[in-house]
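Laboratory data are not the source of any read-out in this text; all were calculated from the coordinates shown. This structure is a prediction, so every number in the text was calculated from the model and none was measured. Cβ coordinates were reconstructed from backbone atoms using ideal geometry, including for glycine residues, and neighbour counts include every protein chain displayed.
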Amino acid sequence: MSLWEYANPRLFMSWTRSVLPWTFGLAGVCLVVGLIWGFFFTPNDFRQGSTVKIIYLHVPAALMAINAWIMMLVASMIWVVRRHHVSALAARAAAPVGVVMTLIALWTGAVWGQPMWGTWWAWDPRLTSFLILFLFYLGYIALWEAIEDPDTAADLTSILCIVGSIFAILARYAVFFWNQGLHQGASLSLDAEKNVADVFYYPLLICIAGFVLLFVALVLMRTRTEIRVRRIRALQARGQHA
Amino acid sequence: MIALLKRDLRLALRAGGGFGLGLAFFLIVVVLVPFGVGPDRDVLSPIAPGILWIGALLAALLSLDRIFALDFEDGSLALLATSPLPLEAAGLIKACAHWITTGLPLTLAAPLFGFLLLMTPEAYGYLLASLLIGTPALSMIGTFGAALTVGLRRGGLLLSLLVLPLYVPTLIFGAEAVRRGAAGLDASGALILQGGITAGCFAILPFATAAVLRINLR
């Protein structure tokens, strides 16, 4: 039995039904543990004071905003190559979640930037690329909404997603060329010598795990909804013919 | 291919409005900016390159929905798809025709409009060069966007939402080249990168355009 059999809508519905509550539960546990540990049981930073704790929302949200797009890209490619309907629907389901993650990252960043940098917004490369990512999400969702025929919509949006990814990457590097940054560099790389201190690191990892699980759970739930919408449409169409 | 190019150019020239409209729109943007920010030379002259680039971008956007819409409605696009000419080549030609009718006149007129915005004299050469290199990419990206929205009834607004984020890299490098040129810095890096984007667009996007058109004609 290959992995692709799980893309069968009926099989997908049955295994997600049993997996979904666990994913939601685990996500909830991780978020509660991670956030409470992070907010109440880690010391304030030497210079940033208590504002450092926004990291527990900001970093996971930003991470998921990018990964949601990558997941959409992979799902779109699977749709283009193998035409599994579930993968197209999963890409559609992930987009609004990605938008919300982008907004959370932008908003928490602004809230942190106000006391730290003295400004809500700066045309910093990272901030700007996130704003551009937000625009890409909006265009993608708008295209889904605009087309009535579901297969055409899936085809067009997946090509937009693939082309858009190229341009999103281009835009990201172009933005670095355009303006020097205020935002601090990466502090969670696996290969870097200097990361955030361990006290902040472990609750942060738990928060990231919580966000990943939450994302997976939301996407699975939304995909299930999309499949049900399709089924109802099919039933209605059959009813009209009969 | 040449016949299609000639046909598109003739249509753009004779159908009225399409050819001069972009230029007129560009002029209006340039005239409106001083009303918005004030006539001061210290304010206008540093932002002139950016305004000219944004004006060119919006003017190019204005005529995008005409690229495929008319051909789609009267069926000539379906005819093109069944003709021996590959649809990729048709998309490329459509982009070229769009560039010749909007990008090229805008590029040639831009120094004149730079004059209106009190741009520094050193920047004119860079403005011309960056627009010449960058506007073909705008046309090609726009052709892709137009192909994407061709089957939609209210595609116009969606088209701008889809296409404008794709314009970001071109705009950044274009405006940056002119700004560096105006400041007397070395602008060749930005121009080379912009040329790379344009070349990449022309290498990849005809295929994406054709794929999208085939879906929309299904």
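In debye, nearest 20, what is the charge dipole magnitude of the protein assembly as shown about its Cα centre with +1 on Lys and Arg Cβ and -1 on Asp and Glu Cβ, if you could check?
Approximately 1200 debye in magnitude.
Note on the stretch A:110-184: along the principal axes its Cα atoms extend 49, 25, 14 Å, ordered by decreasing extent.
Calculated from the alpha-carbon coordinates, the stretch B:83-168 shows an Rg and a Dmax of 15.6, 51 Å respectively. Here chain B is treated with +1 on each Lys and Arg Cβ and -1 on each Asp and Glu Cβ, and its dipole about the Cα centre works out to around 520 debye. If the segment from B:Ser76 to B:Leu27 were pulled out straight at 0.36 nm per residue, it would be longer than the present Cα-Cα gap by 14.3 nm. Inter-chain neighbour count for B:148-157: the average number of beta-carbon atoms from partner chains within 10 Å of each residue's beta-carbon is 3.
Across every direction, the projection of the convex hull enclosing the Cα atoms of chain A has a mean area of 15.8 nm². Take each residue in A:145-156, count the other chain C-beta atoms within 10 Å of its C-beta, and the mean is 4. A convex hull fitted around the alpha carbon atoms of chain B yields 109 Å³ per residue. In the protein assembly as shown, the alpha-carbon atoms span a convex hull of 186 Å³ per residue. Considering only A:Val229, B:Cys96, A:Tyr56, the residue lying farthest towards the positive end of the dipole of the protein assembly as shown is A:Val229, judged by Cα position with unit charges set on Cβ. Take each residue of peptide B:186-196, count the partner chain Cβ atoms within 10 Å of its Cβ, and average: the result is 1. In the protein assembly as shown, a dipole from Cβ-located charges (positive for Lys and Arg, negative for Asp and Glu) runs towards its positive end, and of B:Leu4, A:Met101, B:Leu152 it is B:Leu152 whose Cα lies farthest in that direction. Going from the residue with the fewest nearby Cβ atoms within 10 Å to the one with the most, B:Lys94, A:Lys53, B:Lys6 rank B:Lys6, A:Lys53, B:Lys94. Phi-derived couplings, Karplus 6.51 cos²θ - 1.76 cosθ + 1.60 at θ = phi - 60°, listed residue by residue for the stretch B:142-156: x, 4, 4, x, 5, 5, 5, 9, 5, x, 8, 6, 10, x, x Hz, with x used for Gly and Pro.
The Cα-based radius of gyration and maximum Cα-Cα distance (Dmax) for the stretch A:1-80 are 18.4, 56 Å.
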